[in-house]
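Novice: I have a structure here, written as structure tokens, and I will follow up with some questions on it.
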Amino acid sequence: MCGIVGYTGPRQAYPVIIKGLKRLEYRGYDSSGVALWRNHKIDLYKKKGKVADLEEIMIGKDVSSNLGIGHTRWATHGEPSDRNAHPHLSASGRFAMIHNGIIENYAQIKNELVKKGYNFLSDTDTEVLLNFVEDIQKNNNCSLEEALRIALKRVSGAYCILLIDSEDPETIIAARKGSPLVIGIGKGEHFLASDASPFIEYTKEVVYVNDYELAIVKPDELILKNLGNEKITPYVQKLDMELAAIEKGGYDHFMLKEIFEQPSTIYDCLRGRLDAAAGMIRMSGISENIDKLINAPRIIIIACGTSWHAGLVAEYIIEELCRIPVEVEYASEFRYRNPIVHPGDVIIAISQSGETADTLVALEKAKENGAFIFGVVNAVGSSIARISHAGAYTHAGPEIGVASTKAFTGQLAVLMMMALKIAQEKNTISKERYQMLLNELADVPEKVDAILKNATLIKDIAETYKDAKDFLFLGRGYSFPVALEGALKLKEISYIHAEGYPAAEMKHGPIALVDAKLPVVFIATSDSYHEKIVSNMQEIKARKGRIISIITDGDSVTPTLSNHHFTIPPANELIAPILNVIPLQLLAYYIGVLRGVDVDKPRNLAKSVTVE
Ligand code: F6R
């Protein structure tokens, strides 16, 4: 969702900001803009569409400036348009603001301002907040910082704000609640952004701003305060991220690069934790909290989207291996109902971005009720990682493609290790089974590599089915969440309607959709459900559905029922989801590309969903 970038220092701000906005494109947006301090006034440029469209209107303009803020907007209040794009100027033209988040009580504040004679040039909640700040500043004749602090005490909702003042050539004032903000510390310069990718080549020293904190940022000074105007010592951290990780590296799309990175991302996730030869799993977050985990009366998994699918796989695995009851909750539902959470309950929060607003708020709620929060997060230093009592990073590296791929397999790998470790400590797994699963898990990167070597076979299948109107994805047991994930991937990046279903449930409704035009993808690798799913395939075949099956290498029966099949190396059924999802990611990718979709930035979607 919205991306923000700010710069103050000796460099030219405009190129830093534009490059930064391009790095944040992956978050999803529909317009962009910049505000530059120049000669005691603020120049504003904004445009609906891509950052490239903004660049076009800038051609020939004098953009020399050492202080600026830029924004990519994902529309919430008001349609995507030039006038709703950020930055906004205050009524007097003195201040400019960019904002990521939603001001929930903006209508009430707007009414008050309209009564005072304010006019609004956009439909945004941001312009309301900005004029509210200006009104307070004028009425109290106070500093901009003070005015912002007073204003923020009145607003409800989520925000990350950057503000500049035409009367101050070097200061950016920033504030955050619920939407991410990281400040890069250079030598005599500072960078501000939604994540570190816009400034990774300039500095690796960062400060993550917390909720209810305000930052006053000048080229050689960073002051952090809380809303009570008390100074806070900034906690400077070193980033472990390289520029190459956020570039395409020769691939046509980030999504393809990220699919092909999986042998190494899964390896990185297992590295230092899984020692199959010694029969050991080392996870400090688990070991340090082992009593809480093995004595948990139940585990609640909270997540959204693809991460929720990883949670469903984990439910099956944890119940099987650890014999602890598990519930998997959509964060957006959990946060608004009145869920029963007891002290002692363990919450596993799964999130790639670590910034998903629904997940974050759901966790705050569970934490208030005394639950222990264990985060399985990819983005290091993100809000969910920080709100968790303990956790394990997935170490998949930055995921730029909107459709989650390598983060999902990283989540599965971490969750599998967690389940094995807890089961071992709880004594709910035999030594032989434990060792066998450790060995199998260690083999995953190599098996994923073998699958990817056959990617062109999936490309051929994609060619055959690219014009389908609907798809059905069916699986049983551990493969059921994989079916859901396959359907979600296809929907997101091909815009083909797709449904994932438990294969046996299909006869209770979706079977009505089956005809000679409907492609049905079966995740039918060899497992304890295999015979059952073969019967389900017969049912589809009898109704002339077109079957694409994902099967285990060596299975000679299933291909006879399938129009197309793709083979996976043999694997234990608990491990198989990590492998089985790979061809489904590829299928979605190739179909999306063949249909001309911008697969890295599909319409309406945002990478990091920071509004509810
Ligand atoms: C799907 C996808 C989304 C995310 C969801 C949660 O490809 O990427 O469904 O999984 O928005 O995001 P995180 O994991 O960042 O909390």
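The values are calculated or read from the model by the stated rules, or taken from the named source; none is laboratory data. In this text the structure is predicted, and so the values were computed from the model without any measurement. So basically every Cβ, Gly included, is an ideal-geometry build from the backbone, and we count neighbours across all protein chains shown. SASA here: full protein model, heavy atoms, side chains in, ligands and nucleic acids out. Shrake-Rupley method; radii C 1.70, N 1.55, O 1.52, S 1.80 Å.
Novice: Pairs under 8 Å by beta carbon, first residue open to solvent by 20 Å² or more (accessible area, probe 1.4 Å) in segment 70-99, partner aromatic (Phe, Trp, Tyr), six or more apart or different chains?
Specialist: 74/29; 77/106; 89/95; 91/118
Novice: Could you grab the pairs with beta carbons closer than 7 Å, sequence gap of 6+ or different chains, first residue in segment 335-356 and of a type in the set (A, V, I, L, M, F, W, C), second one part of a loop (DSSP other than H, G, I, E, B) and within 16 Å of the ligand (Cβ to nearest atom)?
Specialist: These pairs meet every condition: 349/388.
Novice: If I go through segment 593-612 residue by residue, how many of them are in contact with a helix residue (DSSP H, G or I) (Cβ under 7 Å, 6 or more places away or on another chain) and either closer than 24 Å to residue 351 by Cα or within 12 Å of the ligand (Cβ to nearest atom) (or both)? Spell out how you get there, then give the answer.
Specialist: Filtering segment 593-612 for residues in contact with a helix residue (DSSP H, G or I) (Cβ under 7 Å, 6 or more places away or on another chain) gives 594-595, 597, 599-602, 605-612.
Add one more test, that the residue is either closer than 24 Å to residue 351 by Cα or within 12 Å of the ligand (Cβ to nearest atom) (or both), and what stays is 599-602, 605-612.
Residues that pass the stated criteria total 12.
Novice: Would you pick out the residues in segment 138-180 that are open to solvent by less than 20 Å² (accessible area, probe 1.4 Å) and in a helix (DSSP H, G or I)?
Specialist: Within segment 138-180, 144, 147, 148, 149, 151, 152 meet the criteria.
Novice: Which one is farthest from residue 339 (Cα to Cα) among residues in segment 390-405 that are away from the ligand (no atom under 13 Å from the Cβ) and assigned to a loop (DSSP other than H, G, I, E, B)?
Specialist: It comes out as 397.
Novice: Across segment 466-486, what is the number of residues that are surrounded by fewer than 24 Cβ atoms within 10 Å (Cβ to Cβ) and within 16 Å of the ligand (Cβ to nearest atom)?
Specialist: So the count comes out to 1.
Novice: Now, a different point. With the requirement that a residue be of a type in the set (D, E, K, R) and within 9 Å of the ligand (Cβ to nearest atom), what does segment 347-365 give you? Steps first, please.
Specialist: Applying the first criterion (of a type in the set (D, E, K, R)) to segment 347-365 yields 355, 358, 364-365.
Hits for segment 347-365 are 355, 358.
Novice: Can you tell me how many residues within segment 1-50 are under 18 Å from residue 197 (Cβ atoms), polar (S, T, N, Q) and open to solvent by 20 Å² or more (accessible area, probe 1.4 Å)?
Specialist: Of the residues in segment 1-50, 0 are under 18 Å from residue 197 (Cβ atoms), polar (S, T, N, Q) and open to solvent by 20 Å² or more (accessible area, probe 1.4 Å).
Novice: Is it true that some residue in segment 380-389 is at negative phi, buried (at least 24 other Cβ atoms within 10 Å of the Cβ) and assigned to a helix (DSSP H, G or I)?
Specialist: yes
Novice: Testing residue 341 on (1) touching a His at 6+ places or on another chain (Cβ under 8 Å); (2) part of a loop (DSSP other than H, G, I, E, B); (3) not acidic (Asp, Glu), one condition comes back false. Which one is that?
Specialist: (1)
Novice: What residue, among those in segment 524-546 that are of a type in the set (A, V, I, L, M, F, W, C) and part of a helix (DSSP H, G or I), is most open to solvent (accessible area, probe 1.4 Å)?
Specialist: 542
Novice: Here's something else I'd like to know. With a cut-off of at least 2 residues that are farther than 20 Å from residue 170 by Cβ, name the strands (runs of 3 or more DSSP E) lying wholly within segment 191-249. Explain how you work it out, then say what you get.
Specialist: On the way: elements: 205-208, 213-218, 221-226, 236-238.
Hits in segment 191-249: 205-208, 236-238.
Novice: If we scan segment 103-111, do we find a residue that is touching a Ser or Thr at 6+ places or on another chain (Cβ under 7 Å), open to solvent by 60 Å² or more (accessible area, probe 1.4 Å) and more than 21 Å from residue 31 (Cα to Cα)? Can you show your working first?
Specialist: Quick first cut of segment 103-111, residues touching a Ser or Thr at 6+ places or on another chain (Cβ under 7 Å) only: 104-105.
Still in the list and also open to solvent by 60 Å² or more (accessible area, probe 1.4 Å): 104.
Cutting the leftovers down to more than 21 Å from residue 31 (Cα to Cα) gives us 104.
Checking segment 103-111: at least one residue is touching a Ser or Thr at 6+ places or on another chain (Cβ under 7 Å), open to solvent by 60 Å² or more (accessible area, probe 1.4 Å) and more than 21 Å from residue 31 (Cα to Cα).
Novice: Could you check segment 294-326 and list, in sequence order, the residues that are within 12 Å of the ligand (Cβ to nearest atom) and either open to solvent by 10 Å² or more (accessible area, probe 1.4 Å) or hydrophobic (A, V, I, L, M, F, W, C) (or both)? Walk me through it before giving the result.
Specialist: Taking segment 294-326 as the starting set, the residues that turn out to be within 12 Å of the ligand (Cβ to nearest atom) are 302-311.
Listed by number, the residues that qualify are 302, 303, 304, 305, 306, 307, 308, 309, 310.
Novice: Which ones in segment 406-425 are more than 16 Å from the ligand (Cβ to nearest atom) and open to solvent by less than 60 Å² (accessible area, probe 1.4 Å)?
Specialist: Answer for segment 406-425, where residues must be more than 16 Å from the ligand (Cβ to nearest atom) and open to solvent by less than 60 Å² (accessible area, probe 1.4 Å): 416, 417, 418, 419, 420, 421, 422, 423.
Novice: Can you run down the residue pairs with Cβ atoms below 7 Å, 6 or more apart or on separate chains, where the first is in segment 121-132 and within 14 Å of residue 71 (Cβ to Cβ) and the partner is among the basic types (Lys, Arg) and open to solvent by 10 Å² or more (accessible area, probe 1.4 Å)?
Specialist: That search, which allows pairs on different chains as well, returns 122/83.
Novice: Now for a separate question. May I ask you to list pairs of residues, at least six apart or on different chains, whose Cβ atoms are under 7 Å apart, with the first in segment 19-31 being at pLDDT 95 or above and the second being among the aromatic types (Phe, Trp, Tyr)?
Specialist: Pairs that qualify, where the first residue is at pLDDT 95 or above and the partner is among the aromatic types (Phe, Trp, Tyr), are 20/199.
Novice: Is it true that residue 514 is open to solvent by 10 Å² or more (accessible area, probe 1.4 Å), at pLDDT below 95 and closer than 30 Å to residue 318 by Cβ?
Specialist: On the way: open to solvent by 10 Å² or more (accessible area, probe 1.4 Å): yes; at pLDDT below 95: yes; closer than 30 Å to residue 318 by Cβ: no.
For residue 514, the condition - open to solvent by 10 Å² or more (accessible area, probe 1.4 Å), at pLDDT below 95 and closer than 30 Å to residue 318 by Cβ - is not met.
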